[in-house]
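Right, one structure below, let's go through it.
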Amino acid sequence: MKNKTADFVEPLIALAVICLLSLTIFSIVRPFLAATLWAGILVISTWRPYLFLVKCLRGRRALAAVAMISALCCFILLPIVLAASDFSSAASSWGIQLHAAFGQGWPALPQWLVSLPLAGNYIDQFWTKLGAKDAETLTSFRSYIAPASQLLLLLAKEIGSGMMLLVMSLFISFFIYMGGEDLLAWIRGFVERLAGERSIELLGISLASTKGVVYGFMGTAVVQAVLAWFAFLISGVPNAASLGFASFILALMPFGPSLIGLPAAAWLYYHGEVGWSIFMVLWMLFVVGSADNVIKPLLIGKGSSLPFILIFFGVLGGALAFGMLGVFIGPVLLTVFYELARSWIFYPQRLPPATVTALPDEAKE
């Protein structure tokens, strides 16, 4: 009886210790989880160029890793710094203009805003009562301004933490580059214990799906953002760098850049630039919009199946879960899960066990 009790209790104690240890480790690595995931995605997507640099530098892996991280800094951080500088300059200019406008008394609203159908008259009356310091209007205005201030503070906090995580992810990428083969061996062994004979195939699907999302969706977003920035720049729209970076974020959704391009066209039309306004509308709809249908299949590959709804959920859910970096991490994780589930459900016997003898080329690299 005692032996049976020991045989039952001892595995439970061991399981409890393992669970406690796992929770403790998770609490330790949780602050670095988003940065580590993004670092892994970056390394997977740039592993082939890294190996090429290692070959060119005669096996100097550390030097090749530093070169890759420097290139990633220029590609990722430089546009963010330029956009932030441009936005800071714009905010300073807006502050000066507001100070000058209010320095001469309560300013009148622009005619285009007052003449808006349905809402224009209400906005004009609210603005006039606000200038007259109407008690009821001031109370209503304070109820609006408090949530808006909290939202701006939260947004600034998320952007700051996102930048810190981005810098941290580049730092972590260096060590993943250095020990990439050993890390892959650990992952392969772990997947083999979980999936058995199909582990190599499932690992290859995970790597291919990760590269497909990064190259296809994020690569297309970069191209669309550059095209949008070019249109803003040559048409004279102010703060082209900030608008171009915003277009990159919105490009993860269909017709996302148009959410910025069409208001920019309206701004050009209001300032008398009718020709540039027409150019902006046509450019956003036919050039920037069609880039999604032309470039994405070339970068992903015709055989890939990446449902857009997963990308959409990944962008929003990833942002809620991981902050700014979650915009990029979420779609990758959801797509990898989708491809693994699809392979497990619909193709359970696609590869005979005897044919799976080595990692696919993507995994080897």
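A few remarks follow.
- For residue 264: the one exception among (1) under 21 Å from residue 244 (Cβ atoms); (2) of a type in the set (A, V, I, L, M, F, W, C); (3) modelled with pLDDT of 70 or more; (4) open to solvent by 50 Å² or more (accessible area, probe 1.4 Å): (4)
- Among the residues listed as 201, 181, the single one being under 30 Å from residue 341 (Cα atoms), open to solvent by 30 Å² or more (accessible area, probe 1.4 Å) and in a helix (DSSP H, G or I): 181
- Boolean, residue 175 is open to solvent by 80 Å² or more (accessible area, probe 1.4 Å) and hydrophobic (A, V, I, L, M, F, W, C): yes
- Single residue of 45, 140, 70 found to be open to solvent by 40 Å² or more (accessible area, probe 1.4 Å) and among the polar types (S, T, N, Q): 70
- Annotation note: of 126, 87, the sole residue that is among the aromatic types (Phe, Trp, Tyr), touching a helix residue (DSSP H, G or I) at 6+ places or on another chain (Cβ under 9 Å) and either more than 28 Å from residue 270 (Cα to Cα) or open to solvent by 80 Å² or more (accessible area, probe 1.4 Å) (or both) is 87.
Let's see how each residue does on (1) more than 21 Å from residue 164 (Cα to Cα); (2) modelled with pLDDT of 75 or more; (3) open to solvent by 60 Å² or more (accessible area, probe 1.4 Å); (4) out of contact with any Lys or Arg (no Cβ under 9 Å at 6 or more places or on another chain):
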position: 75; (1), (2), (3), (4): no, yes, yes, yes
position: 81; (1), (2), (3), (4): no, yes, yes, yes
position: 94; (1), (2), (3), (4): yes, no, yes, yes
position: 101; (1), (2), (3), (4): yes, no, no, yes
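- Scope the range 212-247; condition surrounded by fewer than 22 Cβ atoms within 10 Å (Cβ to Cβ) and not in a helix (DSSP H, G or I); matching residues: 236, 238, 239
- Filter pass, residue 187 being farther than 20 Å from residue 33 by Cα and of a type outside the set (Asp, Glu): no
- Options 151, 118: the member that is under 34 Å from the mean Cα position of the chain (by Cα) and modelled with pLDDT of 70 or more: 151
- The single condition among (1) of a type in the set (Val, Ile, Thr); (2) more than 25 Å from residue 82 (Cα to Cα); (3) open to solvent by less than 60 Å² (accessible area, probe 1.4 Å) that residue 274 does not satisfy is (3).
The values are calculated or read from the model by the stated rules, or taken from the named source; none is laboratory data. Not measured: the values here are computed from a predicted model. Counting neighbours? That spans all protein chains shown, and the Cβs are built from the backbone with ideal geometry, glycine included. What goes into the accessible areas is simple: the full protein's heavy atoms, side chains included, and nothing from ligands, DNA or RNA. Shrake-Rupley method; radii C 1.70, N 1.55, O 1.52, S 1.80 Å.
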